[in-house]
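Encoded as structure tokens, the structure appears first; notes follow it.
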Amino acid sequence: MAPDCARSPKNIMPAVHIKSKLPALPTTIFTTMTQLANQHGAINLGQGFPDFDMDNHLQDLVLKAMRSGNNQYAHTFGNPALRQILSQKIEKIYGNPIQAETEITITPGGTYAISNALTGILREGDEVIVFEPCFDSYIPNIRILGAVPVTIPLNFPDYSIPWDKVKSRITSRTRMILINSPHNPTGTILSESDIESLRSIVAGTEIMILSDEVYEHLIFDKKQHLSILQYPDLFERSYVAFSLGKVFHCTGWKVGYVVAPEYLMKEFRNHHQFNVFSVQSAVQAAMAEYLENEEVYMQLPEVFQAKRDLFLDVMKGSQFQPIPSYGSYFQCFRFPEEVRMSSADYAMFLTREAGVASIPVSAFYGNKEDNRVLRFCFAKKDETLTNAAERLQNATIPIQN
Ligand code: GLN
């Protein structure tokens with residue numbers, strides 16, 4: 001018999017006083033929209049994850065790694081063979097001879113890589129320049145450290161970076177600039193002129209760069225991903241975050257890596273070793289073998305561009321106007337003025353009434369700035385995209401006064 005206990009969910013009173021470090025923080029929009037999609041049986045083009053399986057060969061390699069004993073703690077900084085193959089890949093693609101032992105750390109995903117890099121560096125009162133809309137973990141990650149996010153809105157509707165504004169927001173407390181390309185949620189990418197502007201702002205200062213490049217290989221229209229890794233003068237003051245889950249269609253495996261010069265990586269590792277200690281061993285061993293075949297990532301732009309193009313095609317003639325996307329999993333669309341609802345309300349309305357979930361881009365602004373744009377994830381089976389578009393084409397525009 002269960003012991004007699006007067007505790008029930010109804011009568012739990014706080015035993016101690018706590019002051020929330022992140023008061024009034026809502027549940028992430030990804031969780032909210034995924035729950036709503038599940039509740040209404042909607043097609044989920046909200047949260048960014050593929051609905052198709054990863055390469056069977058990669059699954060076989062994980063099984064093989066488990067069967068051959070890769071089941072105990074991996075090396076704290078990551079499977080040495082995986083770090084080695086990643087350093088070769090980086091040298092080949094970006095021409096940077098990264099040291100596998102000291103300059104790469106395998107992480108449980110890109111979000112962790114970003115938060116751990118911030119944790120290792122930021123002190124109370126440090127300012128971090130963040131462009132909005134931005135991935136929703138950045139700002140809470142900065143604030144919980146007592147540091148200050150200095151938010152700058154991207155130009156609308158092309159979502160380019162207003163570099164003049166950036167210059168005017170630099171102060172003696174500016175410690176870091178956080179950039180993201182290919183960009184979530186908008187699908188924009190950095191250009192050479194962005195790199196030049198960034199260089200002119202940070203040269204000769206104490207400002208560091210944190211570059212979120214988790215969608216590295218998902219880039220379209222024959223454009224090249226410009227990585228901070230390929231600019232030695234920028235790399236020497238940077239952390240660069242990547243995701244293996246995102247590019248190889250296994251977001252649930254939560255595996256990524258961070259690259260930084262040794263003196264910065266030391267700070268990252270100090271915290272990492274006492275935080276997560278190490279990352280799942282079988283997945284790392286499998287990835288090390290999988291990456292030996294460069295075709296597995298070289299083909300990704302084509303595969304994902306075909307999905308973006310299909311989605312744009314099947315959405316033609318609908319109420320939604322596309323904003324160009326050159327990379328990532330995402331395609332943004334503006335919706336008509338006649339819809340007298342906020343983006344957040346319209347995203348929920350479409351989930352319930354049309355059966356397609358999206359993410360309102362307003363959720364990626366601290367002040368919820370609303371340009372009437374919805375983000376759709378096209379990392380889905382072709383039939384999912386076609387079915388979703390059919391539902392969206394048929395959705396009646398709710399005209400309310
Ligand atoms: N990166 C994914 C997106 O933008 C979701 C990540 C998450 O759910 N935390 O949709």
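What follows is calculated from the coordinates using simple rules that are stated; it is not laboratory data. Since this is a predicted model, take the numbers as computed values, not measurements. Neighbour counts are summed over all protein chains in view; Cβ atoms, including those assigned to glycine, are modelled from backbone coordinates with ideal geometry.
Quick notes on this structure:
- Residues of the range 36-94 that are among the polar types (S, T, N, Q), more than 25 Å from residue 258 (Cβ to Cβ) and under 23 Å from the mean Cα position of the chain (by Cα): 38, 44.
- Of everything in the range 236-259 that is more than 27 Å from residue 380 (Cα to Cα) and not aliphatic (A, V, I, L, M), the residue that is farthest from the ligand (Cβ to nearest atom) is 236.
- Scanning the range 209-247 for residues that are touching a residue at least 60 places away in the same chain (Cβ under 8 Å), polar (S, T, N, Q) and part of a strand (DSSP E or B) yields a single hit, 243.
- Number of residues in the range 127-139 that are in contact with a Pro (Cβ under 9 Å, 6 or more places away or on another chain) and within 16 Å of the ligand (Cβ to nearest atom) equals 8.
- Selection of helices (runs of 4 or more DSSP H) fully inside the range 27-126 by the criterion of at least 2 residues being in contact with a helix residue (DSSP H, G or I) (Cβ under 7 Å, 6 or more places away or on another chain) and within 16 Å of the ligand (Cβ to nearest atom) returns 29-40, 110-121.
- Per the listing 349, 376, 330, the residue uniquely in contact (Cβ under 8 Å) with a residue 12 or more places away in the chain and either hydroxyl-bearing (Ser, Thr, Tyr) or over 29 Å from residue 227 (Cβ atoms) (or both) is 349.
- Residue check, residue 306 in contact (Cβ under 8 Å) with a residue 60 or more places away in the chain and not aromatic (Phe, Trp, Tyr): no
- Scanning the range 17-26 for residues that are within 16 Å of the ligand (Cβ to nearest atom) and of a type in the set (Gly, Ala, Ser) gives no hits.
- Odd one out for residue 171, checked against (1) touching a strand residue (DSSP E or B) at 6+ places or on another chain (Cβ under 8 Å); (2) free of Cβ contacts under 8 Å to residues at least 40 places away in the same chain; (3) more than 16 Å from the ligand (Cβ to nearest atom): (2)
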